[in-house]
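Here is the structure we will look at.
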Amino acid sequence: MQTIDLRRDTITIPTAEMKDEAFKAPLGDSVYGEDPKQRDLEKVAAEKLGKEAAIFVPSGTQGNLVALLTHTERGNEIIVEENAHIRTSETGGASCVGGLMIKTVYGEDGAPAPEGVEDAIRKNDIHYPRTALICLESTHYRYGGIVPPLDQFKKIQNIAVQHKIPVHLDGARIFNSSIYLGVDVKKIARYADSVMVSLSKGLGAPVGSVLCGTSEFIEKAKRHRKMLGGGMRQTGWLCACGIIALSDNNINNLKADHENAKLLAQGLSDIPGFTLNLERVHTNFVLAQLHHSKYNAFSLLEILKIKRILATQADEATLRFVTSREIEHNDIVAVIDTIRAIL
Ligand SMILES: *Cc1c(COP(=O)(O)O)cnc(C)c1O
């Protein structure tokens, strides 16, 4: 039996089409702006997201950090949702590298509560750091791939404009959000000045993310990318994969991941011991709480591992399953059957 890997959508390997295109790609030194495929990818990404320009970066973490460095100065403060990836999962780069203070605002739906954002913005006072940036995230990773409502983004944007503070969107999985909401991805990206998008998650490229924004912002961002070691030379192989990752056909494949997540959530919710909030299964993540007399989340994961099913633990009682193109309908059925048999 093959391993069924539901740990992350980052496990996706490039499609045959990607490999084909990669090895055909003409190459040049991208630090000098001479890699044709990197230029093409950056153009495609900017156009898709409805922004003037884009840069290719090796990872989402670097893309977010480049955005923070470009929007802020050392000693500034940024506002982020309490459990945002930028705060919880990027090794403290905002503070360590950016010299930034982080002000958190909770938001149950994944967006920092607009009233909280308004309150968190610092008054102009010599004692305070300057609030330099508001960060949003869609889909929200820690809350299980939920999609914050766009009217919340709109309210936050209005506040940001009033106070002349830019907005950055960590849109690692923004295409999953666009499918869930049934709107063009531009209609999400428009609420932010800059947007980071991962090519290497559900979209299936082997490596890379893009950061999009105004031409002026991206020109400035290039220096920060270089400073962080993101000048990558012959990137054409990677960027050829990225261009396919951003094709409509490829993006549409994310729908199957969402359907598989729903199927899994439904199946687990029928098994005694599991508690799921099915209304919060928006995209390709399933968070399932386990309260069982014999097993906890950790021990169940250990047994599943022996049976070649991999998932992760979101907290003490919660299992996290992430679907991707490496997972098929039959795999989900097998996972549900296996877990039911164990419990
Ligand atoms: C994965 C992820 C990132 C970082 O991307 P890497 O390529 O893993 O560095 C940033 N934000 C969110 C919401 C993510 O899920």
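Readers should treat all values here as calculations from the given coordinates under stated rules, not as data from a laboratory. Because the structure is a prediction, the values reported are computed rather than measured. Please note: Cβ atoms are built from the backbone with ideal geometry, for glycine as well, and neighbour counts cover all protein chains shown.
Looking at region 312-324 only, could you name the residues that are among the aliphatic types (A, V, I, L, M) and more than 16 Å from Lys201 (Cα to Cα)?
If the condition is that a residue be among the aliphatic types (A, V, I, L, M) and more than 16 Å from Lys201 (Cα to Cα), then Ala314, Ala317, Leu319 are the ones that fit.
Considering only residues that are more than 15 Å from His85 (Cβ to Cβ) and aliphatic (A, V, I, L, M), look in region 110-132 and name the one that is surrounded by the most Cβ atoms within 10 Å (Cβ to Cβ).
Val117
Restricted to region 160-174, and to residues that are within 16 Å of the ligand (Cβ to nearest atom) and in a loop (DSSP other than H, G, I, E, B), which residue is surrounded by the most Cβ atoms within 10 Å (Cβ to Cβ)?
Gly171
Only one of (1) at positive phi; (2) within 12 Å of the ligand (Cβ to nearest atom) fails for Tyr141. Which number is that?
For Tyr141, the exception is condition (1).
Only helices (runs of 4 or more DSSP H) wholly contained in region 1-103 count here; list those with 3 or more residues that are under 29 Å from Ile156 (Cα atoms) and in contact (Cβ under 8 Å) with a residue 60 or more places away in the chain.
Here the list reads 36-49, 60-71.
Filter region 86-104 for residues that are surrounded by fewer than 20 Cβ atoms within 10 Å (Cβ to Cβ) and among the small types (Gly, Ala, Ser); which is nearest to the ligand (Cβ to nearest atom)?
That would be Ser89.
When you check Asn250 against the structure, is it surrounded by 16 or more Cβ atoms within 10 Å (Cβ to Cβ) and either over 13 Å from Gly145 (Cα atoms) or not aromatic (Phe, Trp, Tyr) (or both), yes or no?
Yes, satisfied.
Could you check, for region 49-63, whether at least one of its residues is hydrophobic (A, V, I, L, M, F, W, C) and away from the ligand (no atom under 16 Å from the Cβ)?
yes
Looking only at residues that are away from the ligand (no atom under 11 Å from the Cβ) and of a type in the set (Gly, Ala, Ser) in region 183-203, which one is farthest from Leu133 (Cα to Cα)?
Ranking the candidates gives Ala189 first.
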